[in-house]
Amino acid sequence: ESSRVQKRERTKTEQGIGKPAIGGPFELVDQDGKTKTDKDFLGKWTLIYFGFTYCPDICPNELMRMAQIITAVEKEDYAKNKFQPVFVTIDPERDGPKQLKTYLEDWHPHMVGLTGTPEQVAKACKAYRVYSSKSVLGDGPGEYLIDHSIMFYLMDPKGEFVDYFGKALTAEEITDKVKRYMTGTADDTTHSQASIGSKDLIVLK
């Protein structure tokens, strides 16, 4: 038992070595119109994805994976009231609270959707190193698509960055890693090497 505790403590310590500076304070609004900050999620493990509701294919695919991860993780007793999935829009001009609420109802009832002013959303994106670029398709105000990085971010109950998971990992692989982090059984093989150095993660300075 003592060796297991030592391993768990060592794992927690190692997680803090060489981690990218990802995450930080934010103030946004959820799908019910209530103000949410990073402090509202303290005490829970959060799995965060940045996307937009008008995304034609990538976001639906990623949210399908996210729903699979949520369902699998929430089956565990230790995850009850300790795991929170979050969808942050990168398109605040079109994704207001009502749009987010309608959109997320199709994926999973436990997802929290966040939006805000363009400035608030840009600050959150920069904190999480999210790349996005708008491509104009026509003359209308809503005629555009947004190219963006594709990544899930896992934050611990203290609000600190733990790991990120890119497209190379399956929903099952991500679920296994999340469970290991939550139970303190993560080791050198848990960290997402498939995502390290990926072009999906673009550093914004």
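The values are calculated or read from the model by the stated rules, or taken from the named source; none is laboratory data. These numbers were taken from a predicted model, which means no experiment stands behind them. Ligands, DNA and RNA are stripped out before the accessible areas are found, and what is left, the full protein with its side chains, is counted by its heavy atoms. Shrake-Rupley method; radii C 1.70, N 1.55, O 1.52, S 1.80 Å.
Worth pointing out:
- Exceeding the 30 Å Cα-Cα cut-off - candidates 134/179; 98/177; 36/80: 134/179; 98/177
- Cα pair count fraction exceeding 21 Å, expressed as % - region 45-193: 44 percent
- Under 17 Å of direct C-alpha separation, and excluding same-chain neighbours fewer than eight residues apart, residue 39 reaches these aspartates and glutamates: 27, 30, 156, 160.
- Taking the empirical scaling 2.2 N^0.38 Å for compact globular proteins as reference, region 70-155 has a Cα radius of gyration ratio of 1.26.
- On a per residue basis, region 117-162 carries 51 Å² of accessible surface, using protein heavy atoms and a 1.4 Å probe.
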